[in-house]
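Peer 1: I have a structure I would like to understand better, so I am pasting it below and will then ask my questions one at a time.
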Amino acid sequence: MKNPDRLYELLPAIYRQRDAENGQPLRALLQVIGEQVEIVETEIDQLYANWFIETCEPWAVPYIGDLLGFQSVHEAGEPGDLRTAEGRALDKILVSRREVAHTIAARRRRGTLALLEELARDVAGWPARAVEFYRLLGVTQAINQLHLHRGRTADVREGGDLDLLDTAFNRVAQGADVRTVVSHHDRARSNVPEAGLFVWRLRAYGVTNTPAVCIEEAGNGENCFTFSVLGNDAPLFHRARPENDATHIARELNVPAPIRLRAFQKPIIDHRGRVRGMEASPHYYGEPLEAPGGDKSIAIRAPGWVGADEDGNIPRRAIIPADLRNWDYDAEEGRIGVDPKRGRIIFPLEQAPPRGVSASYYYGFSSDIGGGEYVRVVSEQPNPKRYYAAAGEFRSRLREWKDDGENNAVIELTESGIYDDPIAFEVPANHTLQIRAASGIRPIVRLLDHKASEPDALAVLLNAGSRLVLDGLLITGRSVQIRTERTGSDAPIADESPQPPCPGANRKERRDVAVVIRHCTLVPGWTLDCDCAPCQPRKASIHLHNLQGRVAIEHSILGPVRVYADEVNAEPLDLRISDSVIDATTYHRAALSRPGGGEFAHAVLTIARSTVLGEIHTHALRLAENCIFAGEMRVARRQVGCVRFCYVVPGSRTPRRYECQPDEAERMAIEHLEKVRRRQNRAASADEKSRAAERTRLRVQPRFNSTRYGTPVYCQLAATCPDEIARGADDESEMGAFHDLFQPQRAANLRARLDEFTPAGIETGIIYVT
C-alpha cells in the first residue's frame, strides 16, 4: 500500500488518541479496510485504462480490435491460454497491440507501398523493405518522358550497383519474368503486377567495449585482431535506425543487416575532385560508439597507439575498409584496416597496439538466448548481499563473500571484459550464491591453462542444501565442473529450527542442491577457429558429479553435458532444460551421457522447446515437448515419461510418443497410400508401405541454416525445412530452441494482412533476407 494509514489519518485527533490508549485496534481495522479500498480504486483506474489500446491489459486487446472490425487470422493458430506465460506470448503475436492501434490508419492508407513495410513491423515485428518490381524492368523509355528512378542496365564500372544485385536494394534493371512471386518453389522478382516485401528476421545485438582477440598465427603475431572475443570470423551488423516519416521506404541503414564492405567505404576526395583513398563511412563508424543506444555501429579503442586520441579512441579517418580474408593487407602507417564482412582488424606491422584493443560493435542472432547484452529478467533470493566485480576482481569478491559468511549473496560482474582468473570455490551448506552479469553487460569468463599439471575448469564444490546460479555469462576455454563431496543420503543435517528438536527429528534427511544456468553460453568445443569450427569438439561443457537435487538450464547455449553419480546408492539427478541449445558439434556424439560418452547419464530429464545437436543417453525421460533431437535418443527406463510434438530420429529408444515426427508423417503417408490402393481395388503391399515410410523419413528431417556456433544463423531452421517441423509444435509454432519466436504465426498473420491491404491485381510476396 502507498499509505496504510490513509483512512486513519482522516479521523479527529481525539479518536486517534483514545485508540492509542487502547492498543490501536481501530487503526488495525482501518488498515484492513484501506487495503480493500486501494484494491477497488486500482480496479477502477484499470477499467479506465482499458478504454485505450495503449494502456489496456492484454486480455482487452482482442475486444478493442473487435470494435474496429479487426479479425484474427485462423491460419496463424488458436489463441493461447492467458493463464500461462507462453499463452500470453502467443496472443501478443496473434493479436498485436500495435496492429490494432494502427488498424484505422492502415485502412486509410490501403495500397501505398510504405504501408506494407509498416504492416511487417506491426504484425510480425520484422523490419522490412517493400519493392515494386515493375520499376526494375528493363524497358525502352520515351526520350521526352524519362523515368530516372527506374532500373538501368548493368554498368560494370559501378561496383556498388553490382554489389546490390539480387538484393532488396537492387538498382539494376532485369528482364520480365512470368512466374509468380508467391510461388512455393521458385519465386520471380521481376514481374509487372508483383511486389516484394523483404524482411530481416535476425536481430542486431550490441557488444560494448569488449577486448578484441589477437590472432598470433597471422601477420607478425601482434597486429591482427578479430572483433569476436572467441577469435572467430563474424560479420558485423549495423543498428537499424528508425524511420521518422510514415511514407519513407526503408534503406540499408533502416534494417539490421550485415555491413557490406563497399557500404563501409567512403572515398577521400582532394581539392581537384580526385579520389585519393578510402576511409570509414560516418554512417557506420562512431567516435566513439554510444552502444547500445547510439546511432553508430562500430568503434575501436587502442590506448597508447600512435593514431588514437587521449582516451584511446581510434578516429574515423584512421580506418581503412579492407578485404582481410588472407591477413595479407599491408596497412599504411597511422591507419588501421577493418573488414566488416569477417570482423577482422589489422594494424601496421611496425605499429602494433601496445596496450591491447577493444571494440564496440553489433552482431546478428535470432533470439535472446545465451550470454548477451540484452535485457534479462533478474531472479534472486530475497534480501541478498551484493558484491560488484570488475575485470580482474572476481577472485577477490569470492574471498570477501567467503570471509563475510553471507548465506545469500550475489556477485555481479560489471564489465563486458574478460575475467580470466582461475576460478574454484565452495558453496557452504544451505548457502545461495548467484554469479550474474549486470544489466546490459556481457562478461566473458575465459578459463586458461594456468597449471600444466592440473585441470583448469571452473570448479564448484556444493554442499548439502546449497544453491548456485549462473546468469548472463559467456564461458570459454574450459568446462564447468560442479560436484558434491558426498551424496545426499550421507550429507550432514543442519538444524534450522531455534527450538529443541522434537522426538524423531534426528533421522537423516536428504538436503538437495540446486543449480541454475540461465542465459549463459558455454561455448561448444570450448573455443572456435576462424571459420567457427570447434577447437575441442569432443570436450564437454559441463560436468555434474554426485549431485543430488535439481539442475535447471534455461535460455542457454552449451556443449555436451556429462553426469556422473553412484547409480546404486543415489537417486537420479533431476535435470531440466528449456529454451536452450545443447550442441555436441556433430549428430553422432553424445550431448547427454556419462563421462566417456557412451553410457546412460544417471538423470531424469525434462526438456522443452530446445534443440539438441547430438545423442541423448539418459536414465529416464519425464517429459520432452516441442524439441528437435537431431541425434538418436537412448532412454533406459521407457515405462515412465512421454515425448510429445518432437522430432525424434528413427530407431531411437524412448518412452511413448505423441504427435512426434517423422512417426506421424509416416502414418499419414501410409494411410494415404492405402486410400489410393483402395480406389484401385487392391491392398497396399508391405514393400510399398516400407518405401513410402522411407521416403517420408528422408523428407521429414530438420534442416538448419547453420549448425556451427558463432554464425548469425546458428540453429535457425532453413526455408527448406518441412512444415511438419517448422509448424510441428503443439501450438503450431516451430520445434526447437526458437519456438517462442512464433515465426510461423508471424508469417501467417503478415500474409493475411498483405492480402487485405494490397491493391487489387497486385501480388506481394514475403522474401526472407535473414
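The values are calculated or read from the model by the stated rules, or taken from the named source; none is laboratory data. Fair warning: this is a prediction, and the values are worked out from it, not measured in the lab. For neighbour counting, all protein chains shown are included, and Cβ atoms are generated from backbone atoms with ideal geometry for every residue, glycine included. Heavy atoms of the whole protein, side chains included, go into the accessibility calculation; ligands, DNA and RNA do not. Shrake-Rupley method; radii C 1.70, N 1.55, O 1.52, S 1.80 Å.
Peer 1: Do the conditions hold for residue 684, that is, is it open to solvent by less than 70 Å² (accessible area, probe 1.4 Å), of a type outside the set (Val, Ile, Thr), free of Cβ contacts under 8 Å to residues at least 24 places away in the same chain and more than 23 Å from residue 583 (Cα to Cα)?
Peer 2: Taking the combined requirement at face value, the residue satisfies it.
Peer 1: Follow-up. Select from the range 93-151 the residues that are part of a helix (DSSP H, G or I) and of a type in the set (Phe, Trp, Tyr) and write down the one among them that is modelled with the lowest pLDDT.
Peer 2: 134
Peer 1: Where in the range 220-290 are there strands (runs of 3 or more DSSP E), lying fully within it, with 1 or more residues that are surrounded by fewer than 14 Cβ atoms within 10 Å (Cβ to Cβ)?
Peer 2: Details: elements: 224-226, 265-269, 275-280.
Because the criterion is at least 1 residues that are surrounded by fewer than 14 Cβ atoms within 10 Å (Cβ to Cβ), the strands (runs of 3 or more DSSP E) in the range 220-290 that meet it are 265-269, 275-280.
Peer 1: While we're here: Check off (1) on the phi > 0 side of the Ramachandran plot; (2) in contact with a His (Cβ under 8 Å, 6 or more places away or on another chain); (3) open to solvent by 40 Å² or more (accessible area, probe 1.4 Å) for residue 564 and give me the number that stays unchecked.
Peer 2: (1)
Peer 1: Within the range 610-626, can you find the residues that are buried (at least 24 other Cβ atoms within 10 Å of the Cβ) and closer than 14 Å to residue 735 by Cα?
Peer 2: 610, 611, 612, 613, 624, 626
Peer 1: Still on this structure: When you check residue 468 against the structure, is it part of a strand (DSSP E or B), within 30 Å of residue 535 (Cα to Cα), touching a strand residue (DSSP E or B) at 6+ places or on another chain (Cβ under 9 Å) and at pLDDT 90 or above, yes or no? First the steps, then the outcome.
Peer 2: Working: part of a strand (DSSP E or B): yes; within 30 Å of residue 535 (Cα to Cα): yes; touching a strand residue (DSSP E or B) at 6+ places or on another chain (Cβ under 9 Å): yes; at pLDDT 90 or above: yes.
So residue 468 passes the test.
Peer 1: I would also like to ask the following. Can you tell me which residue is farthest from residue 560 (Cα to Cα) among those in the range 629-650 that are among the small types (Gly, Ala, Ser) and open to solvent by 10 Å² or more (accessible area, probe 1.4 Å)?
Peer 2: Kept after step one, since they are among the small types (Gly, Ala, Ser), are these residues of the range 629-650: 630-631, 636, 641.
Among the residues that remain, those that are also open to solvent by 10 Å² or more (accessible area, probe 1.4 Å) are: 630, 636, 641.
On the way: 630: 14, 636: 19, 641: 23 Å.
Within the range 629-650, the match that is farthest from residue 560 (Cα to Cα) is 641.
Peer 1: If we keep just the residues of the range 713-757 that are surrounded by fewer than 19 Cβ atoms within 10 Å (Cβ to Cβ) and β-branched (Val, Ile, Thr), which is nearest to residue 665 (Cα to Cα)?
Peer 2: 720
Peer 1: Return the residues of the range 716-763 that are among the polar types (S, T, N, Q) and in a helix (DSSP H, G or I); say none if nothing qualifies.
Peer 2: 743, 745, 749
Peer 1: Would you mind finding the one in 33, 53, 44 that is at pLDDT 85 or above and either within 30 Å of residue 63 (Cβ to Cβ) or open to solvent by 80 Å² or more (accessible area, probe 1.4 Å) (or both)? Before you say what the answer is, go through the steps one by one.
Peer 2: Details: 33 fails: either within 30 Å of residue 63 (Cβ to Cβ) or open to solvent by 80 Å² or more (accessible area, probe 1.4 Å) (or both); 53 fails: at pLDDT 85 or above.
Among 33, 53, 44, only 44 is at pLDDT 85 or above and either within 30 Å of residue 63 (Cβ to Cβ) or open to solvent by 80 Å² or more (accessible area, probe 1.4 Å) (or both).
Peer 1: What pairs come out if I take residues in the range 399-422 that are assigned to a helix (DSSP H, G or I) and pair them with residues that are of a type in the set (Ser, Thr, Tyr) and crowded, with 19+ Cβ neighbours inside 10 Å whose C-beta lies under 9 Å away, six or more apart or interchain?
Peer 2: 400/387; 401/387; 404/387
Peer 1: Still on this structure, I have one more. Examine the range 722-743 for a residue that is under 21 Å from residue 255 (Cβ atoms), touching a Gly at 6+ places or on another chain (Cβ under 8 Å) and in contact (Cβ under 8 Å) with a residue 40 or more places away in the chain, and state whether such a residue exists.
Peer 2: The answer is no; no qualifying residue exists.
Peer 1: Only residues in the range 744-762 that are among the aromatic types (Phe, Trp, Tyr) count as the first member; pair them with residues that are open to solvent by 20 Å² or more (accessible area, probe 1.4 Å), Cβ under 9 angstrom, at least 6 apart or cross-chain, and list the lot.
Peer 2: Matching pairs, first to second residue: 757/107; 757/109; 757/110; 757/111; 757/112.
Peer 1: Has the range 658-666 got at least one residue that is surrounded by fewer than 12 Cβ atoms within 10 Å (Cβ to Cβ), closer than 30 Å to residue 574 by Cα, modelled with pLDDT of 90 or more and among the polar types (S, T, N, Q)?
Peer 2: The answer is no; no qualifying residue exists.
Peer 1: Follow-up question, since we're still on this one. Find the residue count for the range 567-578, including only residues that are within 18 Å of residue 472 (Cα to Cα) and either crowded, with 24+ Cβ neighbours inside 10 Å or without any contact (Cβ under 8 Å) to a residue 12 or more places away in the chain (or both).
Peer 2: 1
Peer 1: A follow-up question, please. Tell me the strands (runs of 3 or more DSSP E) entirely within the range 334-389 that contain at least 1 residues that are touching a residue at least 40 places away in the same chain (Cβ under 8 Å) and of a type in the set (Gly, Ala, Ser).
Peer 2: Those strands (runs of 3 or more DSSP E) span 358-365.
Peer 1: So which of 355, 325, 317, 386 is in contact with a Pro (Cβ under 6 Å, 6 or more places away or on another chain), surrounded by fewer than 18 Cβ atoms within 10 Å (Cβ to Cβ) and not acidic (Asp, Glu)?
Peer 2: Exactly one residue qualifies, and that residue is 355.
Peer 1: Take the range 437-450 and flag every residue that is within 15 Å of residue 480 (Cβ to Cβ) and part of a strand (DSSP E or B).
Peer 2: 444, 445, 446
Peer 1: Follow-up. Of all the residues that make up the range 664-706, how many are more than 24 Å from residue 738 (Cβ to Cβ) and assigned to a loop (DSSP other than H, G, I, E, B)?
Peer 2: Here the count works out to 6.
Peer 1: Tally time: how many residues in the range 379-392 are among the aliphatic types (A, V, I, L, M) and under 19 Å from residue 580 (Cβ atoms)?
Peer 2: 0
Peer 1: Right, here's the next one. Does any residue of the range 543-553 turn out to be buried (at least 24 other Cβ atoms within 10 Å of the Cβ), modelled with pLDDT of 90 or more and assigned to a loop (DSSP other than H, G, I, E, B)?
Peer 2: No; the residues of the range 543-553 include none that is buried (at least 24 other Cβ atoms within 10 Å of the Cβ), modelled with pLDDT of 90 or more and assigned to a loop (DSSP other than H, G, I, E, B).
Peer 1: Before we move on, is residue 592 without any contact (Cβ under 8 Å) to a residue 60 or more places away in the chain, surrounded by 19 or more Cβ atoms within 10 Å (Cβ to Cβ), under 26 Å from residue 368 (Cβ atoms) and not acidic (Asp, Glu)?
Peer 2: yes
Peer 1: Another question about this same structure. Considering only residues that are outside any loop (DSSP other than H, G, I, E, B), surrounded by 20 or more Cβ atoms within 10 Å (Cβ to Cβ) and at pLDDT below 90, which ones fall in the range 483-527? Walk me through how you get there before you give the answer.
Peer 2: Our first condition is that a residue be outside any loop (DSSP other than H, G, I, E, B); within the range 483-527, this holds for 483-484, 488-490, 513-518, 521-522.
Now restrict to residues that are surrounded by 20 or more Cβ atoms within 10 Å (Cβ to Cβ): 484, 488, 513, 515, 517-518, 521-522.
Scanning the range 483-527 gives 484, 488, 513.
Peer 1: Among the listed residues 269, 215, 249, 259, which satisfies the condition of being without any contact (Cβ under 8 Å) to a residue 40 or more places away in the chain and among the β-branched types (Val, Ile, Thr)?
Peer 2: Residue meeting the stated conditions: 269.
Peer 1: Confirm whether residue 538 is under 22 Å from residue 630 (Cβ atoms), open to solvent by 10 Å² or more (accessible area, probe 1.4 Å) and either in a loop (DSSP other than H, G, I, E, B) or touching a Pro at 6+ places or on another chain (Cβ under 6 Å) (or both).
Peer 2: yes
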